[in-house]
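Below is one structure, written out as structure tokens, with a few remarks after it.
Just so it is clear, none of the values below were taken in a lab; they were calculated from the coordinates. Just so it is clear, the structure is predicted and the values come from calculations on it, not from any experiment. Glycine also receives a Cβ, built like all others from the backbone with ideal geometry; neighbour counts cover every protein chain displayed.
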Amino acid sequence: MRTAILASGRGSNLQALIEACKTGNLPITIVGVGSDQLGVEALKRAEEAGIPTRVFQVGDYPHRQAQEDDLLIWMRENKVELLLLAGYMRVLGSQFIRQANFPVMNIHPSLLPAFPGLHAQRQALDYGVKVSGCTVHIVDEGLDSGPIVLQEAVPVLSGDTEESLAQRILEVEHRLYPEAVRLMVLGKVKPTGRRVQILQQEGLG
Ligand code: GAR
């Protein structure tokens, strides 16, 4: 499945997806990595893996919609069948989502619907929850609000800082995201409204 990935920063989830492809665990072809930020580590990781990259800096466009129109043109040119957001720190607009004729997936560092948006780990610590985690979901027109594909809990420890919690969640993300994408491309993810059935895990969907 021809897959594009958007990332804004470090790109450790991108790296996990690249590694899963290399080991044969993830039957996708990453046809391009795009970023809204110039010179970020995610772009370097893609280049090292021989994946074409493109930068779509919002400041280079007259308005946000023009940036998203360009993203869509790039994806159509590359015959993209699946888009993965991997630390892409922008909300894709409704028009983009409506016009994308491929599924869009995202990973978020909390157990949604708790703590959507930015600084999810800080939000979890500030709220005082004892358990957080990460969520892979299908992207809809809202903020981190689409149907949930996989989730995994991570305990919040009493001495946790934003960084230590983020790091422990990240380790789970690196396993969960490739697994969710694998299920998706194998046709095992069956959304019905908000509820997503995972076909190979009978009884858990
Ligand atoms: C990850 O924790 C990801 O879940 C989060 O940003 C980090 C990116 O790390 N994404 C969001 O918060 C999206 N709302 P990475 O660049 O090393 O993959």
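Below is a table of values for the structure above.
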quantity	calculated
Contact order relative to length of region 108-205, as percent, for alpha carbon pairs under 8 angstrom and 6 or more apart	24 percent
Ranked Arg168, Arg98, criterion: other C-beta atoms within 10 Å, fewest first	Arg98, Arg168
Nearest-20 debye value, the chain charge dipole, Cβ charges on Lys, Arg, Asp, Glu	480 debye
Over region 84-205: Rg over Rh, Cα atoms, Kirkwood Rh	0.97
Least to most buried among His63, His119 (fewest other Cβ within 10 Å first)	His63, His119
Mean separation of Cα contacts under 8 Å, 6 or more apart, over the residue count of the chain: relative contact order %	19 percent
FRET E, pair Asn25, Gln57, Förster distance 35 Å, beta-carbon r, rounded to 0.05	0.60
Within-10-Å neighbourhood charge of Gly133 [Cβ basis; K, R +1; D, E -1]	-1
Most mobile of Ala166, Ala86, Ala49 in a GNM of the chain (Cα contacts under 10 Å)	Ala49
Region 35-77 versus region 155-184: alpha-carbon centroid distance in Å	26 Å
Calculated P(r) tail over 13 Å for region 10-52, as whole % of Cα pairs	50 percent
Bridge type composition, the chain - antiparallel percent by DSSP, nearest 5	50 percent
Highest-MSF residue in the chain out of Ser12, Ser110, Ser94 [GNM, Cα springs under 10 Å]	Ser94
Net charge, Glu81 excluded, C-beta distance under 15 Å - Lys, Arg +1, Asp, Glu -1	+3
Loop-located trypsin sites (Lys or Arg not before Pro) in region 34-90 whose Cβ has at most 12 other Cβ within 10 Å (DSSP)	Lys79
Ranked Asp70, Asp60, Asp160, criterion: other C-beta atoms within 10 Å, fewest first	Asp60, Asp70, Asp160
Reference-scaled alpha-carbon Rg (2.2 N^0.38 Å with N residues) for the chain	0.99
